[in-house]
Amino acid sequence: MAFTQSPLPYDPGALEAHNMSARTFEFHYGKHHAAYVTNLNNLVKDTPMADMPIEEVIKTSFGDADKVGIFNNAAQVWNHTFFWSSMKPDGGGTPTGDLAAKIDSDLGGFDKLKEAFKTAAATQFGSGWAWLVLDNGALKVTKTGNAENPLVHGQTPLLTLDVWEHAYYVDFQNRRPDFISNYLDQLVNWDFAAQNLAACS
Ligand code: MN3
């Protein structure tokens with residue numbers, strides 16, 4: 001059974017008005033994400049990992065020197081699928097309900113969360129990801145390098161932003177801080193984060 005690339009949750013041109021172009025999706029979804037799926041399938045072919053849920057492949061291969069390639073590709077497949085759902089057309093705005101209340105109690109409010117997220121995303125040196133996670137029942141903003149993700153640290157991801165250069169170079173060139181602000185202002189899908197939080201309770 002081969003791993004497959006999840007369909008985008010919206011049209012590849014759906015975020016054009018919010019500064020993420022169809023051209024970005026042509027490469028980021030159509031080339032980068034697709035290549036991770038192809039690579040993963042080639043690496044696990046005819047091994048027990050080919051039949052594991054992808055989360056198990058990620059957790060099992062993490063930290064295993066012989067399985068670095070499997071980990072990198074499996075995690076990147078998962079991370080990108082999660083990233084597409086972390087955005088939506090007409091995103092941005094403010095969280096509501098239980099998520100908003102938890103942001104207030106755990107992180108000191110929405111403005112503090114935004115600042116922490118901007119800092120994490122901007123200071124991830126080189127390639128990686130910024131995350132909002134649930135860690136031992138509390139919200140936390142984190143960053144990871146390359147393909148690493150919160151699953152391998154026992155955390156539950158609620159939201160992510162890809163800060164690999166390929167994620168923003170087409171639309172923002174070298175201006176990562178502008179890409180981060182645009183994500184928070186116009187793209188982020190707080191409903192997705194709220195659903196992921198609700199699934200934990
Ligand atoms: Mn990427």
Helix-only [θ]222 nm of the chain, DSSP H runs n ≥ 4, -39500 (n - 2.57) each, per residue, nearest 500: -13500 deg cm²/dmol
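Restrict the search to the range 1-57; then list the trypsin sites (Lys or Arg not before Pro) that DSSP places in a loop and that have at most 11 other Cβ atoms within 10 Å of their Cβ.
Details: sites: Arg23, Lys31, Lys45; in loops: Lys45.
Here the sparse-neighbourhood loop sites are Lys45.
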Once both axes come from the Cα atoms, what is the angle between helix 34-44 and the longest principal axis of the chain, in degrees from 0 to 90, rounded to 10? 40
Rounded to whole angstrom, the alpha-carbon centroid of the range 69-124 lies from that of the range 13-40 at a distance of 19
Measure nothing but the geometry: give the 0 to 90° angle between the long axis through the Cα atoms of 110-123 and the longest principal axis through the Cα atoms of the chain, rounded to 10°. 40
Ranked packing of 138-145, 8-15, 64-71, most packed first, by mean Cβ within 10 Å: 138-145, 8-15, 64-71
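Past the 27 Å Cα-Cα mark, which pairs from Lys31/Lys88; Lys59/Lys112; Lys88/Lys140; Lys45/Lys118; Lys45/Lys143; Lys67/Lys140? All intermediate terms of the calculation are to be shown ahead of the outcome.
Values: Lys31/Lys88 21 Å; Lys59/Lys112 31 Å; Lys88/Lys140 22 Å; Lys45/Lys118 39 Å; Lys45/Lys143 31 Å; Lys67/Lys140 29 Å.
Flagged as over cut-off: Lys59/Lys112; Lys45/Lys118; Lys45/Lys143; Lys67/Lys140.
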Principal-axis tilt of helix 68-85 within the chain, Cα atoms, nearest 10 degrees: 40
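Read-outs throughout are calculated quantities, based only on the coordinates presented, and are distinct from any laboratory measurement. Bear in mind the structure is a predicted one, so any value in this text is a computation, not a measurement. Every residue, glycine among them, receives a Cβ derived from its backbone with ideal geometry; neighbour counts consider all protein chains shown.
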